[in-house]
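Bear in mind these aren't lab numbers, they're just calculated from the coordinates by the rules spelled out. Every value quoted in this text rests on a predicted model; they were computed, and no experiment measured them. Neighbour counts run over all protein chains shown; Cβ positions are idealised from the backbone, glycine included.
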Amino acid sequence: MLQKIKSKLPPGGLQLDPRVTLAGMAVIAAALAVAVAFYLWRDGGSYRPLHGAGEAFPVAEVMQVLDSEAVQSRIHPQSGQILVRETQLAQARMLLAARANVNARTSYGATPLWFAMWHDGPEQLALVQALIDAGADVDSGHVAPYRMPSRPSLRSAEGTVLGGAAASGKAHYVRVLLAAGASVDARQPGWRTPLMQASGSGSVETVRLLLEAGADINANDSDGKTALVHAREAGHGKTLQLLELAAAGSNGK
């Protein structure tokens, strides 16, 4: 059979058109490039930033700590952010929290706890708790107005972390901070209390937590306004109802 096939081939053997050969090689190369790109994209998708793009981190030191605990990490080629395996993200953040100076302050007075509460999610809540467990000052905050480099449209306000969480209506952080002993009536900018800030945010759960912790509902800010006034001006009906009930009980004592 093989002899019959060989006898039918040209004397010089089977010759392919060079143009066909090059085209075939190009198709194969393109297919390989697409496959590699897809693999890298899929693999990169399982990594998440350890910190915000505008936050300064000592990259070499952090990478050394992560390597010592077998946490897989890499550097983003464009942003320079440290990326960590998604499944190890919470572990990495808690690891760094345990080893860091948890009350170190930036040039504008912000602490790691303040930074941690800018973001939400289960891993962030675990990080906040890890910082508190490591000795973070729950009455810390920052001492000067600040624009985040990565989010210039967001201007922070001076005050404590509890005040910031209350103003944002982040009841989950308020609960953790109060449980850790944060000062419920710590004064914020404008001589406001966290309760006043929560009343303006409209978060019923946050207001409830602060009231249960003993927040002073009759306190006045620098303009003479109480939490009730802030809720009324903001148009938060449910929050206003809760405050009115609390005020009636307080004044009836």
Descending packing, highest mean Cβ count within 10 Å first, for 73-80, 115-122 is 115-122, 73-80
At 0.36 nm per residue, and after removing the present C-alpha to C-alpha distance, how many nm does the segment from Gln241 to Gln72 gain when stretched out fully? 55.8 nm
Mean separation of Cα pairs under 8 Å and 6+ residues apart, divided by the residue count of the stretch 183-253: what relative contact order is that in percent? 33
Once you have a ≥ b ≥ c as the square roots of the Cα gyration tensor eigenvalues for the stretch 183-253, tell me rounded if a/c is under 1.5, and otherwise prolate or oblate according to whether a/b is larger than b/c. rounded
